[in-house]
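Notes follow the structure.
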Amino acid sequence: MRLNSRNTNLTVRYLRSGVLSIWIFVLSQALIAQNVLTPEAYLNLKNVSGATISPDGNSIAYTVSVPRLAGEKPGYAYRELWIYDLKTKKAKPFITGKVSIRGIAWKPDGSGVSFLSRRDGSRFTQIYLIPLDGGEASPITDFEYSVSSYKWHPGGEKLAYIATEPKSKREQALSKKGFGFIYYEENLRHANLYMFNIKTSEVEQLTEDRTVWSFEFSPNGNTVALASSEKNLIDHRYAFQQIFKLDLATKVLTPIVTESRKFGNYCFSPDGKNLALAAALTKNDHAVSQAFVYSLSDGAEKNLTAPDFRGHVNWVNWKDNNTLFLYAQEGVEATLSTQSIKTGAPKVLLHSEKSGALFNAPSVSRDNKTFAFTASSATFPDELFAWKTGKKLEKLTNSNPQLNGFELGQQEVITYKTSDGWEVEGLLVYPVDYTKGMRYPLVLIIHGGPEARFANGWLTNYSRPAQILAGKGYAVFYPNYRASTGYGVKFAAAGYHDAAGKEFDDIAEGIDYLVEQGIADRERVGLGGGSYGGYASAWFATYYTKYVNAVCMFVGISDLISKRSTTDIPYEELYVHSGEKLEKMWEQSLKRSPIYYAHQSKTATLIYGGTADTRVHPSQSLELYRRMKMNDHPAVRLVRYPGEPHGNRKQPGQIDVLYRILDWYDWYVKDAKALDGPMPPLDISEKYGLSLPE
């Protein structure tokens, strides 16, 4: 690991900051435009998701996410159903208001749109259908359990769906009497695949003794491909899935893909002879990265992705029996390509850098001529787009016209070389009204995973408020450090068996680079992130403490030893991250744990996360907090959000995180206040937008 050689005295740091830097910042603040993106404005932004094109390619069904107001009942954002008519160029609201729509799909004949929702006070999620020509949505199913996902049978008269076995009446009775004990990772109930006949309302269970995670019909509807594991555990979904072929007439399961690893989507060829699959290269590859084709007659496997491909293939779909569409992450950009399953390299059809919008994997019309996407850019969150071969990507919606009135920081792709010769890419958001030659306070935002990346689209959310920080005079840097996706399998594997090694050294060298470029003020640097990004935050608060004034650690890792014993994905962690069992890694795990260096921290540390987190147990936050406190750290705070999982889903926790981290950065980075002085106010409820008693 790269050790920090800076020996700046803490007191001198703050004196220099107060005398030499603050006046520069005051001057820059005077130049910043007043109409910048504020937290209040951000919290009202909408975004588009779930774009699904009709079979005939004439309409697109999509959802619009509408944020809940601070004073409303805590919950997820509302999701409305809209239909866009590509002929009239008009969007029509179908189901709006305080609703939650997901899992949208077109009926095979295109006459209506189905979706998943809980409506009319139902305790269970059911499948609904709304006609394209108007009318009310009506339930297709009415089960005493929830449907988690579904697909239409090609014939249009049946639906297959996945649902978890409901508790028996005996189990329900025991629970009501107080005997509903938890037998950890035992007594699990499978998620089974079922077929529902719409005309007769008959339900047929298609699988048993295995949990089904996803499935696809063959074109003729006689066969189903399904991904399943032996246990209904998230760790088994990541580490132990296999793909089978189910004959619907005989109910015989035949294995297609027996090598367990991370799977993306998969689909039958039009003639039903082959299965295309997006998947990780091996069990140790931490993300979906390759395009495979499997022969359903002899089981032959072919990997279409070149070994040196500097990207990650995330999605596959058939154009014809011999050609695939591929969607890939390539650096901070995205591409849509075609590739022959026999010979040749991919042919790029659409590139986000040239199209001006970072698009997601598409939905394709039946004739493969029209594509529906959601896409974003540096200046707007996800909107609805359409594209036809040979034409330009067309933006169809404008959900946030108010953004046109805000001054946003310029977003730029930057690249720097590390001390050991690797090339690292990232995204820099400049302060609004940036002046070359003036140094600015810097905040780095670190992605989780590490099997993830930052892409060149809209970067601002409640825990990563890039444009809000830019409006307050910060430079904001999003590094794609080693182990990120989008740069090929070799780059992604650089963190294997080396947690907090070269990957976090890359981040430190990114700070050095921005200082050397004359953009960042070395004496005013903050850093934050969630999950693995929270791990990086804790590492910079302790091991690399001299690099940063303040960190914001969200659902982060502080102790690799206890983390491996409390997470819900221990096998995934073993196979794609650590590489060996803990018994062979005691010393390395200890010395790559931020708590090991907590005693030396000179960084203001805000720690926060949900109480119901099963991925990174809340005890990880408590351990770092306690070790810092026991070493008399004067500026550490722990905030917990009741009932929230791995990341805040409901609006109260999101609102608080947004304002709280902004306060933390302003206090310790922008204003460079002393570590041993007062901390920012604990009660920030006046910022929530609530009507509260005095």
Problem - the chain - mean residue ellipticity at 222 nm from DSSP helices (-39,500 (n - 2.57) per run, n ≥ 4, rounded to 500) - result: -4500 deg cm²/dmol
Handout entry: Fewest-first ranking of Ser111, Ser562, using other Cβ atoms within 10 Å as the exposure measure
Key = Ser111, Ser562
Completion exercise
Too long for a 22 Å Cα-Cα cut-off, among Lys650/Lys687; Lys46/Lys107; Lys231/Lys283; Lys107/Lys650; Lys563/Lys602, are Lys46/Lys107; Lys107/Lys650; Lys563/Lys602
Practice task
Name the long-range amide H neighbours of Tyr78: under 5 Å, sequence gap of 5 or more, or other chain; modelled H, no Pro or chain starts.
Solution key: Val66, Arg68
Exercise for the section: State the answer as a single residue: which of Pro678, Ala328, Phe380 lies farthest towards the positive end of the charge dipole of the chain, with beta carbon charges of +1 for Lys and Arg and -1 for Asp and Glu, about the Cα centre. Expected result: Pro678
Handout entry: Relative contact order (%) - the range 59-117, alpha-carbon pairs under 8 angstrom, separation at least six
Key = 28
Exercise for the section: Show me 307-315, 391-399 ranked by packing, highest mean number of other Cβ atoms within 10 Å first. Expected result: 307-315, 391-399
Exercise for the section: Compute the distance in nm between two label points, each set 7 Å from the Cα along the Cα-to-Cβ direction, one at Asn44 and one at Gln172. Expected result: 4.5
Exercise for the section: Multiply the residue separation of Glu136 and Glu259 by 0.36 nm, subtract the distance between their alpha-carbon atoms, and state the gained length in nm to one decimal. Expected result: 39.7 nm
Practice task
Assign unit charges at the C-beta atoms only (+1 for Lys and Arg, -1 for Asp and Glu), then state the dipole size of the chain relative to its Cα centre in Debye, rounded to the nearest 20.
Solution key: 420
Handout entry: Dipole of the chain, positive direction: furthest Cα of Pro431, Leu590, Tyr238, with charges on the beta-carbon
Key = Pro431
Fill in the blank from the handout: Taking alpha-carbon centroids only, the range 90-109 lies from the range 611-683 a number of Å equal to 38
Handout entry: Neighbour-count order for Thr545, Thr415, Thr374, fewest beta carbons within 10 angstrom listed first
Key = Thr415, Thr545, Thr374
Exercise for the section: Mind listing the long-range amide H neighbours of Asn461? Cut-off is under 5 Å, sequence gap 5 or more, other chains count too, H placed in the peptide plane at 1.01 Å from N. Expected result: Ala466
Problem - the range 216-361 - charge dipole about Cα centre, Lys and Arg +1 at Cβ, Asp and Glu -1, debye rounded to 20 - result: 60
Completion exercise
Quick shape check on the range 566-669: root eigenvalues a ≥ b ≥ c of the Cα gyration tensor, a/c under 1.5 is rounded, otherwise prolate if a/b tops b/c, else oblate, and it reads oblate
Practice task
Would you mind counting up the charge near Glu216? Only other residues with Cβ under 13 Å from its Cβ, with Lys and Arg at +1 and Asp and Glu at -1.
Solution key: +2
Exercise for the section: Please give the length that would be gained between Arg626 and Asn187 if that part of the chain were fully extended, namely 0.36 nm times their separation in residues minus their C-alpha to C-alpha distance (nm, one decimal). Expected result: 154.5 nm
Practice task
Holding the Cα-Cα limit at 24 Å, pick out from Lys262/Lys581; Lys151/Lys245; Lys546/Lys673; Lys262/Lys392 the pairs that are longer than that.
Solution key: Lys262/Lys392
Handout entry: Estimated dipole of the range 527-583 in Debye, rounded to 20 [Cβ of Lys and Arg +1, of Asp and Glu -1, Cα centre]
Key = 260
Exercise for the section: Would you please give the FRET efficiency between Lys391 and Glu202, computed as 1/(1 + (r/R0)^6) with r the Cβ-Cβ distance and R0 = 45 Å, to the nearest 0.05? Expected result: 0.50
Practice task
Set the Förster radius R0 to 22 Å, insert the Cβ-Cβ distance between Leu690 and Gln402 as r into 1/(1 + (r/R0)^6), and round the FRET efficiency to 0.05.
Solution key: 0.50
Completion exercise
Neighbour-count ranking for Cys267, Cys552 (other C-beta within 10 angstrom, fewest to most) reads Cys267, Cys552
Fill in the blank from the handout: Net charge near Gly344 (other residues with Cβ under 15 Å of its Cβ; Lys, Arg +1; Asp, Glu -1) is +3
Completion exercise
Note: Lys273 to Tyr145 extended length (0.36 nm per residue) minus current alpha-carbon separation gives 42.5 nm
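Bear in mind that the values in this text are calculations on the coordinates, not laboratory data. Remember, predicted model here, so these are calculated numbers, not experimental data. As a convention, Cβ positions derive from the backbone with ideal geometry for all residues, glycine included, and neighbour counts pool all protein chains shown.
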